[in-house]
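Read-outs throughout are calculated quantities, based only on the coordinates presented, and are distinct from any laboratory measurement. Since we're looking at a predicted model, the values are computed, not measured. Note that we place each Cβ from the backbone using ideal geometry, even for glycine, and neighbour counts take in every protein chain shown.
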Amino acid sequence: MLYAEAEKVIGYVFKDKTLLESALTHSSYANDYLGDSRKGNERLEFLGDAVLDAVMALELFKRFPDRNEGYLTKLRAEIVCEGALGKAASDIGLNEFIRLGRGEENKGGKTRISIVADAAEAVIAAVFLDGGPEAASELVMRLLGRTLEAAAEGMLPADYKTDLQIFCQKHGHQNIVYKITGESGPDHDKSFAAAVLIDGQVFGRGEGHTKKQAQAQAAKAALERLEAESAV
């Protein structure tokens, strides 16, 4: 394994290189080449999942002092979900260093989000064991810092749109439609405006630097309006 290259991607130099090697060893590789699937990264993945949750819980606890437990739990789940973690790890190239068995390699396992996310959790655990909580926290924030910032600004599209859909289903609203109502600015810094129509009526409007962000803000506005109306 090219330890130096992998460490450069991770942003951490291991004292114990075997921890890094284990973290990047999928069970299929361990089964095919090491003769024992238990020599894969699943134990480290188990620990890394807990470390990831703890690091993000602390960050959210500090960032949102006025939010309740339910809100923080939901937000953490959005940030540390398999899709977000797998994409973040792929974006920095961590997936290229995962060791896979012949079958998984042939099936394109290095592009499978679940495999990449599991390896990322294992690497977080390896860094935690090798360098301690602070080093692990730095890696978590390198991977998911942008996702956390988006969450802090209410820009996680799946959050508000899903909440609005659930609310509407519970209260008998049948049809939710998002429309992009405008765009402005140069190509490198565009701004979009969106509206959400519920049963044909505009219930919320929003703006953002992407269409998804604008739709998320429109959903947020609609949800706040509907919740206020239902509380009357």
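Express in % the proportion of alpha carbon pairs of the stretch 157-231 at distances exceeding 17 Å.
Summing the P(r) tail past 17 Å for the stretch 157-231 gives 38 percent.
Please give, to one decimal in nm, the separation of the simple spin-label points placed at Asp189 and Arg67, each 7 Å out from Cα toward the Cβ.
It works out to 2.8 nm between the two label points.
Just check the chain against the gyration tensor rule for me: Cα atoms, a ≥ b ≥ c as the square roots of the eigenvalues, rounded for a/c under 1.5, and otherwise prolate or oblate depending on whether a/b exceeds b/c.
prolate
Compute the acute angle (0 to 90°) between the alpha-carbon long axis of helix 69-79 and the principal axis of greatest extent of the alpha-carbon atoms of the chain; round to the nearest 10°.
With both axes taken from Cα atoms, the answer is about 60 degrees.
Mind putting a number on the dipole of the stretch 1-151 about its Cα centre? Charges go on the C-beta only, +1 for Lys and Arg and -1 for Asp and Glu, and I need it in Debye to the nearest 20.
Its charge dipole is roughly 160 debye.
Choose one of Val51, Phe64, Tyr3: the residue whose Cα lies farthest towards the positive end of the charge dipole of the chain (beta-carbon charges +1 Lys, Arg; -1 Asp, Glu; about the Cα centre).
Phe64
Given Lys107/Lys161; Lys179/Lys212; Lys39/Lys74; Lys87/Lys107, which pairs have Cα atoms separated by over 22 Å?
Lys107/Lys161; Lys39/Lys74
Name the shape class, rounded, prolate or oblate, that the alpha-carbon gyration tensor gives for the stretch 77-130, where a ≥ b ≥ c are the square roots of its eigenvalues, rounded holds for a/c under 1.5, and otherwise prolate holds if a/b is larger than b/c and oblate otherwise.
oblate
When Ile166, Ile198 are ordered from fewest to most other Cβ atoms inside 10 Å of their Cβ, what list results?
Ile166, Ile198
Do the sum for the chain: with -39,500 (n - 2.57) for every DSSP H run of n ≥ 4, divided by all residues, what is the mean residue ellipticity at 222 nm, to the nearest 500 deg cm²/dmol? Working shown, then result.
Numbers: 11 runs with 144 residues, N = 232.
Dividing the helical sum by the residues of the chain leaves -19500 deg cm²/dmol.
Stretched out fully, how many nm does the piece from Gln174 to Lys8 gain, at 0.36 nm a residue minus the Cα gap? Intermediate values should be presented prior to the final figure.
Values: separation 166, 0.36 × 166 = 59.76 nm, distance 5.05 nm.
Answer, rounded to one decimal: 54.7 nm.
With a/c under 1.5 counting as rounded, go ahead and sort the stretch 193-232 into rounded, prolate or oblate using the C-alpha gyration tensor (a ≥ b ≥ c being the square roots of the eigenvalues; past the cut-off, prolate if a/b is larger than b/c, else oblate).
It is oblate, given that a/c is not under 1.5 and a/b is not larger than b/c.
Say each of Ser37 and Thr162 gets a label point 7 Å from the Cα, pointing the same way as Cα to Cβ; how far apart are those two points in nm?
Label-label distance for Ser37 and Thr162, simple model: 2.9 nm.
Tell me, rounded to the nearest percent, the portion of alpha carbon pairs in the stretch 99-178 spaced more than 15 Å apart.
72 percent
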